[in-house]
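The values are calculated or read from the model by the stated rules, or taken from the named source; none is laboratory data. Note that the coordinates shown come from a computational prediction; the quantities given were computed from them, not determined experimentally. Here the Cβ positions follow ideal geometry from the backbone for every residue, glycine too, while neighbour counts run over all protein chains shown. Surface areas here come from the heavy atoms of the whole protein model, side chains and all, with no ligands, DNA or RNA. Shrake-Rupley method; radii C 1.70, N 1.55, O 1.52, S 1.80 Å.
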Amino acid sequence: MRVHVADHPLITHKLTVLRDEGTPSPVFRQLTEELVTLLAYEATRNVHVTPVEIQTPVTKTMGVKISEPRPIVVPILRAGLGMLEGLVKLLPTAEVGFLGMVRDEETFEPTTYAERLPDDLSDRQCFAIDPMLATGGSLGAAIQFLFDRGAKDVTAICLLGTPEGVAAIEELVGDRDVTLVLGALDERLNEKGYIVPGLGDAGDRLYGTV
């Protein structure tokens, strides 16, 4: 498994504003979209492309286009929806699926309550998006779900992660082709399974339910 933790002052600045409990939901949503677009540059570094010949105003030349089958972006509901626009702006030809995961707040175990994905993901590059990699339960279950459908490789994009979450994903995926892109790697989980220092509940803050 490859892990990339962003090291850029613009990303750190935007994350600082996200962490501030006084940041209102509209600003939180806008910054989340901007952050995902920045992180997506790294996440799409190995997106599959096909050579193509084009005619410029001057001459013919070779370029590339996104390969078929197209990559698929999978936000993990509900908080992952807040990251969707930032990624599809950069990768507009991608298809979009949805995966609903919920975590039991006592056992921290995830369950799937909804999915809207192709039955066969063979040879597909999948981009799973979820703001928080805490215990790794929900994201790990989502990654496993995608591989069970035949995905070729999975890239997961998260705003924040923890050492515990990264270790859990690494143990789960083994030698399968997985890339993890994080805006920041935080200190730890607390006894309630929340990221420290973190930014609170991303879904609540995105949609103004706190």
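Only residues that are touching a strand residue (DSSP E or B) at 6+ places or on another chain (Cβ under 9 Å), modelled with pLDDT under 75 and over 16 Å from Gln144 (Cα atoms) were counted in the stretch 64-107, giving 1. Among the residues of the stretch 87-101, the one identified as among the small types (Gly, Ala, Ser) and open to solvent by 10 Å² or more (accessible area, probe 1.4 Å) is Ala94. Filtering the stretch 182-208 to residues that are surrounded by 15 or more Cβ atoms within 10 Å (Cβ to Cβ), hydrophobic (A, V, I, L, M, F, W, C) and part of a strand (DSSP E or B) leaves Leu182, Ala184, Leu185, Leu189, Ile195. Restricting attention to the stretch 128-181, the residues being under 13 Å from the mean Cα position of the chain (by Cα) and open to solvent by 30 Å² or more (accessible area, probe 1.4 Å) number 1.
Condition (residue is at negative phi, open to solvent by 10 Å² or more (accessible area, probe 1.4 Å), outside any strand (DSSP E or B) and in contact (Cβ under 8 Å) with a residue 60 or more places away in the chain) applied to the stretch 102-112: is it met by at least one residue? Yes, the stretch 102-112 has at least one match.
Does Leu84 satisfy the criteria of being open to solvent by 20 Å² or more (accessible area, probe 1.4 Å), farther than 22 Å from Val196 by Cβ and within 12 Å of the chain's Cα centre (by Cα)? So Leu84 passes the test.
Look at the stretch 66-82: where a residue is at negative phi and a partner is among the basic types (Lys, Arg) and open to solvent by less than 50 Å² (accessible area, probe 1.4 Å), sitting 6+ places away or on another chain with Cβ atoms under 7 Å, you get Pro69/Arg124; Pro71/Arg124; Ile72/Arg124.
Residue count for the stretch 10-62 under the criterion of being surrounded by 13 or more Cβ atoms within 10 Å (Cβ to Cβ), among the small types (Gly, Ala, Ser) and not in a helix (DSSP H, G or I): the result is 0.
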